[in-house]
Amino acid sequence: MQISELREYQAEFEKYRAEISSENKEIFKLTKRFRKDYSLEKIKNLSLDEYVTGKQNPSTFCNRIENELNNWGNIHGSTAKKFGIYFGVDGDDKEKKYRVGKLAFGASTFEAFDKVKQSIIQLLENHNNVKVIKNNLISPMFKGKILSIYYPEDYLNIFSSSHLNYFINFLGIENISKSEIDKQVQLLNYKNKDSVMKEWSVFEFSKFLYHSFGKPSSKNENRLPNELAKFKLAEFPPIEEIKAEFISLVTDNMKDKNTNKLGGKSRKIDFSGQSKRFKRIGDRGEQIVVIVERQNLINNNQIDLSRKVDHIANRDDSVGYDILSYDEKGNKKFIEVKSTTKPAGICNIYISSNELQTARKIANYYFYIVFNVGTKRPQIWKIQGAELLDDKNIIIEPISYKIGFRTNEIKV
């Protein structure tokens, strides 16, 4: 996401941010009180009935985390099994009793509870050790909430994997990890590197994300009427699941396809343009190309060069290209990304006059055209700028004009 676009969202959020200031203070009071009531020492001496959910006691450890602190982050979407041990039913078995949520915790009630408790203690004592945290037996959603309550400046209060994926995709953040913890860290790093958001609390940041971008669609929301479906912004697969591949293409004579105009009747691919929908498609293509370029350099033992790949378009869209990258020998590559949700075929690429001039002027200028950008298997056609622009099979047609004028008031 370009910095100018991000600033627009932030400016809009400032009005809402003032409205939630009291809510912000209140939730921090509640989390502080919870940490006091359940200090590390108190957790070590916690009894089973002081821990479990399901026994009509709202003051248990699990009940307070899930319900009293719901505004800190919702974990209601999964069953009570996430707590490791609980009191209640299980599917068709309607007898209410203590149940172990995960076989790894053990078979007996008290063996499982002891292991759950030791896992929580391990989590809190090793909150800076990512390897220990990832191997901890506590379920990812519950683990994330515990860490964020006890260390609110270090862990984001968003715990659903689908929500984390949604925001990472929306912001165009580079990510190759499937771990929820890593995704939380990525989003927090994004917040703390921004000159505006670094002053916000974690609670304010999460509110900003939901207020500005909404949340992933539910199954019912995916069944939109035709009149609304075309306005729905694209939701893409998690970026870490993407396996992009380069393809080789050759151009064909457009006249043979009865379309010597960009607006012809033949099948047309919609490339990113001015609307929010096309902007999302364009951002996704750039996100994919940055990751592919870094990984290619890493695979060729150029780790230092991989760190220098620069997604310039995020902060400056005036240079005439989107990404500065490098080849295996260290030569610079200037990459302009064009993206589509469609497969390879008859293509219309929309470029600015600045991009056109830059492509003609710079030797190592490349177009990376990303097809099937909304899938897990996008395809990238890499072609040198001059090679494409000098190709006799392509049609370059101006479709936009700048009109300048000055006005004076007519005196009646």
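FYI, it's all coordinate maths here, none of it is from the lab. Because the structure is predicted, anything quoted here is derived from the model rather than measured. Virtual Cβ from ideal backbone geometry, glycine too; neighbours counted across all protein chains shown.
Some observations on this one:
- Full-stretch length increase - residue 50, residue 12 - with 0.36 nm per residue and alpha-carbon distance subtracted: 9.3 nm
- A DSSP coil position with no more than 11 other Cβ atoms inside 10 Å describes the following chymotrypsin sites (Phe, Trp or Tyr not before Pro) in the stretch 335-409: 401, 405.
- Once the Cα atoms are used to define both axes, helix 21-37 deviates from the longest principal axis of the chain by about 40 degrees.
- Ranked from largest, the principal axis spans of the Cα set of the stretch 44-186 equal 47, 30, 26 Å.
- Cα→Cβ-extended label distance, 7 Å offset, between residue 68 and residue 375, nm: 5.1 nm
- Cβ-based net charge around residue 108, under 15 Å, with every Lys or Arg adding one and every Asp or Glu removing one: +3
- Computed helical MRE - 222 nm, the chain, DSSP H runs ≥ 4 contributing -39500 (n - 2.57), nearest 500: -12000 deg cm²/dmol
- Other residues lying with their Cβ under 12 Å from the Cβ of residue 80 contribute a combined charge of +4, Lys and Arg counting +1, Asp and Glu -1.
- Crossing angle, helix 3-19 versus the chain [Cα axis fit, 0-90 degrees, rounded to tens]: 40 degrees
- Once the Cβ-Cβ distance of residue 217 and residue 400 is raised to the sixth power relative to R0 = 35 Å, the FRET efficiency obtained is 0.55.
- For the chain, the longest principal axis of the alpha carbon atoms and the long axis of helix 180-193 meet at an angle near 60°.
- In the stretch 268-352, trypsin sites (Lys or Arg not before Pro) in a DSSP loop with at most 13 other beta-carbon atoms within 10 Å: 315, 329
- Whole-Å semi-axes of the ellipsoid equivalent to the chain (Cα gyration tensor, √5λ, descending): 49, 24, 21
- In nm, spacing of pseudo-spin labels at residue 107 and residue 30 (7 Å Cα→C-beta vector): 4.1 nm
- Here the calculated FRET efficiency for residue 250 and residue 161, from their Cβ-Cβ distance with R0 = 35 Å, stands at 0.25, rounded to the nearest 0.05.
- Members of 55/81; 36/191; 145/193; 333/382 lying beyond 18 Å, as alpha-carbon distances in this model show: 36/191; 145/193
- Radius of gyration over Kirkwood radius for the stretch 239-389, both on Cα atoms: the Rg/Rh ratio is 0.96.
- Stretch gain in nm, segment residue 360-residue 383, where the contour uses 0.36 nm per residue and the Cα spacing is subtracted: 7.0 nm
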